[in-house]
Each structure stands twice: as structure tokens, then as C-alpha cells.
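The values are calculated or read from the model by the stated rules, or taken from the named source; none is laboratory data. All values reported here derive from a predicted model rather than from experimental measurement. With ideal geometry, Cβ positions are generated from the backbone for all residues, glycine too; neighbour counts draw on all protein chains shown. For accessibility, only protein heavy atoms count, side chains too; no ligands or nucleic acids. Shrake-Rupley method; radii C 1.70, N 1.55, O 1.52, S 1.80 Å.
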Amino acid sequence: MIEIKEKSKCCGCTACQSVCPKMCIEMIPDEEGFLYPKVDQRKCVNCGACERVCPFIIGFKKNPAIESLVVRNSEDQILDNSTSGGAFSALAMYALEQNGVAYGCVCDSKMHIVHACTDDTGVELSAFRGSKYVQSEIQGIFHRVEKNLKGGRFVTFSGTSCQIAGLNNYLKKDYDNLLTVEVICHGTPSPYLWKLYVEWMKAKYKSNPVQFSFRKKTYGYHSGTMEVLFEDGQKYTGSARVDLMLKSFFSEISSRQSCYGCPCKGLERPADISIYDCWNADKLIEGLEDDDRGYTNVMVNTDRGRKAIDYCKKRKLLWMQSVSTEKAIGYDGIMVCNYPHKHKNREQFYKTVKDEGIYKAVQRYIPISRRDYMIENSKHLIYRAGLIEIARKVKGRCK
């Protein structure tokens, strides 16, 4: 049976739980809020199915990159509401326009970060856009994906690399009607940390949060901002300089233990398509002027991935330009091959989170200074005065 002796050897993908024929594995949160499998030994028949799908025990299939691209969604509204270049929305449409379904991460009505499914090309799909820097709740999703695939529906499945490695191991075979799209990630904070952040926001603004955008392009793509909308009409914005959740994430103090030794790092990938931020589009593509609206780096790793990209190009869902894989990774893809660096106070941070709350944990180990707040407030004033756009144009002429 599956037994987690080292937390760094479990990514919480739920493949073991999903494959268990006796349904005797439950995903239980630890003291930090991360889920780990626990076997009911009274029901377990020691069939070994759980161990035969674990990415840490048996590994997983890896695919070398065929081609790298810089892409951007062709629809302005989708681009503006996406974290970077809107690649996922187009790849979701690839399935939906074939009467298929798309799976991805959403923030639901209870403000939980969960994996969900949609066959809607309109408003519902919009909830899937944008990064969510929290490990998503994915229990039961692998069963639904398998049912869709066996029923003949086309599926686009988006998730972190470890989630896709777990899904592929669970399915045990290649499906021509499945497209996997991995988000190259920087690690995943716990759902518990997110819960406390939501509660802290609710208490501070004395109103229920109703919508979160982790990387809103309030000040442009290169200055991603957390935006929170509240039930009473209030709005909060804060960059990683001052926002408790973003600060925790980018400081590499809040990720799951397995993220600091992620088995999915490297040039060979578990997914058909890999996507990650493109901060340096103007350096990768000669003559391109960066308008600060966002682009996405895409690695095409399989023939299925190539077919999907060709469809998006033919349907004009995406603008795209081929680039050097080595050059793209050199500029923007540090997390393709590298783990996040574990913060020296990670364990103390989570203990303080549990005992004293998220605000005190952040201020003790990754403090936000008065200077940080002053810079943040100045940025808001500069933006309102239109000076950011002027500075951007001056920078462009000086290149």
C-alpha cells in the first residue's frame, strides 16, 4: 500500500486515491493544510495499484520539446483577462469546438481553489483564466476525465506538471482525444494558507470577497497585481511587494515540500504542451515592441500538441511566432529546469500561520516595510497620472 514516509516524496496528485479499487484511500490535510493519502488498512487488499501509479515511485512518461513558440490570444478581452498571453483559453477552445470539455483551475463561489470542468465557450470559461497560486482541490477529477475520454469526448486538461504526471499514470494509456497542458509552476502554497488569507481580507474590509484575480494587469503585464472584489463594491489591489498571499508565494516560503525537489523539472515534459510566462518577447522576436499586455511561452512536446497548435493557428485563435527553445528558457524559463529554493524559515512560517495567522507570519519572516507600502502607493498615483505609459514609451525608444 502507499505509505508516505517523507512528505517531500508526495505531490498530492491523487492518482493513488483515484486508482484504488477498494476506495480505501482518503486524502487528509496535514498541519500545514496540504493533502496526503491515508490508507484504511481494514479495507486494503494490498493489490499495489496505488504504488503503480505514483509518480515518485514509478516515474512517468516524458516528452522532449518539438518546438517553442511565443503566442498571444487574438481576442483583446481574453488577453486582458488572462495572466499572460491567453494561451490556455485558445487550447480550451480547441476541445470545446469539437463538442468536448476543458478542465482547469477556478476559484469557486466559496472562494475555494478547485479543478473544474466546462463545455461552455463563453462566460463560464472565463473563470478558468488566470493563474491561481494555490494547490487546487482535484479529488474525483481523474475519474471524470477518464469517463469523458471513454465516452469519446475530446478533453483539454490543464494543471501543474505533477497533476498531469499523476493523471497520465492513472489513465495508463494514451488517448488521442486528450490534450494535456501543463503550467510550469513556481511551487504551490497550501489551501489552508489561502483560506486564512481570504478570512483576513474579509475581516479587514468587513465584506465578503466575491472575486480574486492573482495577476491582474492593473499596471500592465510586467506589474501583476492581486485584485479582490468585495460584495459591497469595494476593491483591493496589491502587488507581490505588499500582498500577503503573493509575498508568501514569490518568497518561496509557502510551497509544498515536494515542490523543492519536483520530479517534473527538465527539458523533457509530462504534458503535450507546456506554458509559462514570457517576460522578454521583444528579446526573443526581433522587431517586436513589447506593449506590456502579455505573451506566453509555449513548448510543444508531442504530435497531439502540434495538432492543437496548428488548429489554433488556422482558426486564428492565437498569434504565434517560433523561437529558440534554448533562448526562451534562458530568458524566461528558469522554472522549467529548476526547483524553487526552500526558504530557511519555511517550517516556522507555517507554524506561525497556524498559531497566529497569516499577517503575523508574513511580518515575522518576510516582512512588508513602510517603504514597501510607500512604493506601492506611489505606483498607484503614478499610474493614475499616466506617467507609467510615458516611462514605458521612453524606455522603448532607448532600447
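A few comments on the model shown:
- Hits in segment 196-239 - residues which are among the hydroxyl-bearing types (Ser, Thr, Tyr), open to solvent by 20 Å² or more (accessible area, probe 1.4 Å) and within 30 Å of Asn280 (Cα to Cα): Ser213, Thr218, Ser223, Tyr236, Thr237
- Test: residue in segment 166-186 that is modelled with pLDDT of 95 or more and within 17 Å of His112 (Cβ to Cβ): no
- Glu51 vs. criteria more than 25 Å from the chain's Cα centre (by Cα) and over 30 Å from Asp176 (Cα atoms): no
- Test result for Tyr103, touching a residue at least 12 places away in the same chain (Cβ under 8 Å), touching a Cys at 6+ places or on another chain (Cβ under 6 Å) and either open to solvent by 40 Å² or more (accessible area, probe 1.4 Å) or aromatic (Phe, Trp, Tyr) (or both): yes
- Among the residues of segment 272-303, the ones that are open to solvent by less than 10 Å² (accessible area, probe 1.4 Å) and either over 24 Å from the mean Cα position of the chain (by Cα) or not polar (S, T, N, Q) (or both) come to 8 in all.
- Tally, over segment 137-180, of residues that are assigned to a loop (DSSP other than H, G, I, E, B) and hydrophobic (A, V, I, L, M, F, W, C): 2
- Qualifying residues in segment 61-98 (those that are closer than 27 Å to Gly151 by Cβ and in contact with a Phe, Trp or Tyr (Cβ under 8 Å, 6 or more places away or on another chain)) - the one surrounded by the most Cβ atoms within 10 Å (Cβ to Cβ): Phe88
- Checked across segment 179-186, the condition of being in contact with a helix residue (DSSP H, G or I) (Cβ under 6 Å, 6 or more places away or on another chain), of a type outside the set (Ser, Thr, Tyr), under 17 Å from Ser18 (Cβ atoms) and buried (at least 17 other Cβ atoms within 10 Å of the Cβ) holds for no residue.
- Index of the failed condition, Ile58 passing every other in (1) open to solvent by less than 60 Å² (accessible area, probe 1.4 Å); (2) in contact with a Lys or Arg (Cβ under 8 Å, 6 or more places away or on another chain): (1)
- Within segment 163-178, residues that are under 17 Å from Gly104 (Cα atoms) and touching a residue at least 12 places away in the same chain (Cβ under 8 Å) have Cβ atoms under 7 Å from residues that are open to solvent by less than 20 Å² (accessible area, probe 1.4 Å) and in a helix (DSSP H, G or I) in these pairs: Ala165/Pro55; Gly166/Ala15; Gly166/Pro55; Leu167/Phe142; Leu167/Val145; Asn177/Leu149; Leu178/Leu149, counting only partners at least 6 apart in sequence or on another chain.
- Close pairs from segment 12-24: first closer than 18 Å to Pro263 by Cβ, partner of a type in the set (Lys, Arg) and assigned to a loop (DSSP other than H, G, I, E, B), Cβ under 9 Å, at least 6 apart: Gly12/Arg256
- Residues of segment 211-238 classified as free of Cβ contacts under 8 Å to residues at least 40 places away in the same chain and more than 19 Å from Trp279 (Cα to Cα), total: 10
- Listed by first and then second residue, the pairs with beta-carbon distance under 7 Å, at least 6 apart or on different chains, first residue in segment 32-58 and touching a residue at least 12 places away in the same chain (Cβ under 8 Å) and closer than 17 Å to Thr14 by Cβ, second open to solvent by 40 Å² or more (accessible area, probe 1.4 Å) and hydroxyl-bearing (Ser, Thr, Tyr), are Gly33/Tyr192.
Here is a yes/no grid of residues against (1) open to solvent by less than 50 Å² (accessible area, probe 1.4 Å); (2) more than 28 Å from Glu289 (Cα to Cα); (3) modelled with pLDDT of 90 or more:
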{"position": "Lys342", "(1), (2), (3)": "no, yes, yes"}
{"position": "Tyr350", "(1), (2), (3)": "yes, yes, yes"}
{"position": "Val362", "(1), (2), (3)": "yes, yes, yes"}
{"position": "Arg371", "(1), (2), (3)": "no, yes, yes"}
{"position": "His380", "(1), (2), (3)": "no, no, no"}
{"position": "Ala385", "(1), (2), (3)": "no, no, no"}
{"position": "Ile390", "(1), (2), (3)": "no, no, no"}
{"position": "Val394", "(1), (2), (3)": "no, no, no"}
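- Scanning segment 304-324 for residues that are open to solvent by 40 Å² or more (accessible area, probe 1.4 Å) and touching a residue at least 12 places away in the same chain (Cβ under 8 Å) returns Arg304, Arg306, Tyr311, Arg315, Lys316, Trp319, Gln321, Ser322, Ser324.
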